[in-house]
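**Q** Structure provided below as structure tokens; questions to follow.
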Amino acid sequence: MKEDRGLSQSISWIHLFCLLFSVVCPLFFNGCAFLIRRPSYSVKAPAGAESPFRGVYHIHSEFSSDSKASLRQVLKTGEKSKLDFVLLTDHNNMRAKEAYELMKWPAEGGRPKQPLLITGIEISAPDGHMTAFGISEPPPKGMNSQDLIDWIHQKGGYLVLAHPICQRRPWTNWEIQGFDGLEVYNFAHTFYPENKLTLTLKAMLFTPKMFLKHYQKINPSWRQKWDELLMTEKVSAFAANDAHLHWKWLGIAPESYILQFQSVNHYVFSEVFEERALLEALGEGRSFFAFETRGEARDFQFRAEAGGKEFSMGEEVPGSRGEPATVRFLVSVPQDGELRLLHRGEIIAQAEGRALTHSVEKPGAYRVEVYKKDKPWIISNPIYVE
Ligand SMILES: [Zn+2]
Ligand SMILES: [Zn+2]
């Protein structure tokens, strides 16, 4: 009997040791996506003054009631992620703008040029959340959604419908007109609906890259809404990190801010690296977004040739004498992928490898999606044919 008890005790010690080993090892050597503070993949450093510029859109700082990230932390995280710009969208205020201007910098070196911190805003409108940028002050309170859009345009700004088809706070009024963009992806809203225990386990046991890849999926209903809108108007696609640091105690935050910054990136084509030019390019869709856990996307190209001229994302190819022009599309990617050219939500041409060319004669919005092993890598903004 004594021997049996001894044996069962040693078995439970072995069990306990195995359990600890299997939990602690992944945490230290492999997993714990949400505790990691290093970049989970690396990309080239910012190219200085060379387009396209890499950045994140829809970031919350301590000027949001549900985030504790200081502006210094925002900038530090942007720098670690090798970003050219960070577009802040705090809830219903733009106080970060003044705070950034008042920030103290070392006498030597001064304010770093990159990442450039740009202050936008996320507005809680009566019909859902919208983000705005390119304005210098928040809109007056109490306006309806259409008046908000008109006010923002009057002030020279751009407006994007945020997380339009999510469970938490969907957009509910599709009668409004004139908005510039639509979030086709929102990292935070891909895991908000998930059971908290499952989410915690995934955050603890997955590697950061695995965790990111797991949530880097385009929701078909978001994409369908974008394609539906593109049939009648110009709407630029946005991918939101929607990064928050919800909790921070004694300077320690359980969520990884850098993981959220690395969830998705925008590349913006602008002739100069300057705030207004970058925002115009973003608002007008001269950009694409990418999930760079699947490969660096900087050298992606999507162009159109017609009548001896060249056109890029966000631009319109004019028709000739009331008829649509014959347009030749050229797509190229820096690594092998599955390239798809889409029109009215349908794939009209596809290729595997690094290039795709295709000619069309029909009007409308043409856009590109690139996949790797059937998982989304690059989503372009459209080129419009009159
Ligand atoms: Zn929101
Ligand atoms: Zn948000």
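The values are calculated or read from the model by the stated rules, or taken from the named source; none is laboratory data. Just so you know, these numbers come straight off a predicted model, no measurement behind them. Cβ: placed from backbone, ideal geometry, glycine included. Neighbour counts: every protein chain shown. The area values use the complete protein model at the heavy-atom level, side chains included, leaving out ligands, DNA and RNA. Shrake-Rupley method; radii C 1.70, N 1.55, O 1.52, S 1.80 Å.
**Q** In the full protein assembly as shown, how much of Arg328 is accessible to a 1.4 Å probe, in Å² to the nearest 10?
**A** In the full protein context, Arg328 sits at about 100 Å².
**Q** Once you place label points 7 Å from the Cα toward the Cβ at Glu228 and Glu275, how far apart are they in nm?
**A** Reported label-point gap for Glu228 and Glu275 is 3.7 nm.
**Q** On to the next question. Hey, how much of the P(r) for segment 105-183 falls beyond 20 Å, as a percent of Cα pairs?
**A** Working: 1155 of 3081 pairs.
Summing the P(r) tail past 20 Å for segment 105-183 gives 37 percent.
**Q** How far, in degrees from 0 to 90, does helix 220-230 lean away from the longest principal axis of the Cα atoms of the chain, to the nearest 10?
**A** 10 degrees
**Q** Here is a further query. Can you run the Rg to Rh ratio on the chain? Use alpha carbon positions and the Kirkwood inverse-distance Rh. Could you put the intermediate results ahead of the total?
**A** On the way: Rg = 23.1 Å, Rh = 22.3 Å.
My calculation of the ratio gives 1.04.
**Q** Additional query: Once the Cα atoms of helix 2-25 and of the chain are each reduced to a long axis, what angle between those two axes, in degrees from 0 to 90 to the nearest 10, is obtained?
**A** Helix 2-25 and the main axis of the chain meet at about 20 degrees.
**Q** Net charge near Asn92, counting Lys/Arg +1 and Asp/Glu -1 over other residues with Cβ under 13 Å of its Cβ? Please list the in-between numbers first.
**A** Working: positive: Arg95, Lys141; negative: Asp66, Asp90, Glu122, Glu137.
Summing Lys and Arg as +1 and Asp and Glu as -1 gives -2.
**Q** Nearest 20 debye, what's the magnitude of the dipole of the chain about its Cα centre given +1 on Lys and Arg Cβ and -1 on Asp and Glu Cβ?
**A** Working: 45 positive and 46 negative charges, 301 e Å.
Its charge dipole is roughly 1440 debye.
**Q** In the structure displayed, which of Lys141/Lys213; Lys97/Lys225; Lys97/Lys309; Lys80/Lys372 lie more than 30 Å apart, Cα to Cα?
**A** On the way: Lys141/Lys213 39 Å; Lys97/Lys225 33 Å; Lys97/Lys309 40 Å; Lys80/Lys372 26 Å.
In this structure, Lys141/Lys213; Lys97/Lys225; Lys97/Lys309 lie more than 30 Å apart at Cα.
**Q** Determine the gain in length on full extension of the stretch Arg72-Glu50; use 0.36 nm per residue of separation and subtract their C-alpha separation, reporting nm with one decimal.
**A** 5.4 nm
**Q** Right, next: Report, in deg cm²/dmol and to the nearest 500, the calculated mean residue ellipticity at 222 nm for the chain, where each DSSP H run with n ≥ 4 adds -39500 (n - 2.57) and the sum is divided by the residue count.
**A** Details: 10 runs with 100 residues, N = 386.
Helix contribution divided over all residues of the chain: -7500 deg cm²/dmol.
**Q** Report the label-to-label distance for Ala107 and Ala355 in nanometres (one decimal), using points 7 Å from each Cα along the Cα→Cβ vector.
**A** It is 5.7 nm.
**Q** With r defined as the distance between the Cβ atoms of Glu98 and Met143 and R0 fixed at 22 Å, what FRET efficiency is calculated, to the nearest 0.05?
**A** Working: r = 23 Å, r/R0 = 1.04.
Efficiency, from the Cβ-Cβ distance: 0.45.
**Q** Turning to a different aspect of this structure: Tell me the accessible surface of Met204 in square angstrom (1.4 angstrom probe, heavy atoms of protein chains only), to the nearest ten.
**A** Using a 1.4 Å probe on the heavy atoms, I get roughly 70 Å².
**Q** Pairs of Cα atoms under 8 Å, at least six residues apart: use those to get the relative contact order of the chain, whole percent. Write down the numbers at each step before the final one.
**A** Values: 811 pairs, mean separation 63.5, N = 386.
Reported relative contact order: 16 percent.
**Q** Related question: Please state the relative contact order of segment 320-386 as a whole percent: Cα pairs under 8 Å, 6+ residues apart? It would help to have the intermediate numbers written out before the result.
**A** Values: 138 pairs, mean separation 22.0, N = 67.
In percent, rounded to a whole number, it is 33.
**Q** Got a sec? Charge dipole of the chain, +1 on Cβ for Lys and Arg, -1 for Asp and Glu; which of Thr357, Ile383, Val327 is way out at the positive end?
**A** Thr357
**Q** Shifting gears a bit: Give me the percent of Cα-Cα pairs in segment 299-386 that sit more than 19 Å apart, rounded to a whole number. Can you show the working numbers first?
**A** Numbers: 1233 of 3828 pairs.
Above the 19 Å cut-off, segment 299-386 has 32 percent of its Cα pairs.
**Q** With every protein chain kept in the model, how would you rank Tyr158, Tyr366 by accessible area, 1.4 Å probe, largest at the top? All intermediate terms of the calculation are to be shown ahead of the outcome.
**A** Working: Tyr158 25, Tyr366 5 Å².
Result of the area sort, largest leading: Tyr158, Tyr366.
**Q** What distance in nm separates the two pseudo spin-label positions at Glu386 and Arg38, each 7 Å out from Cα along the beta-carbon direction?
**A** 5.4 nm
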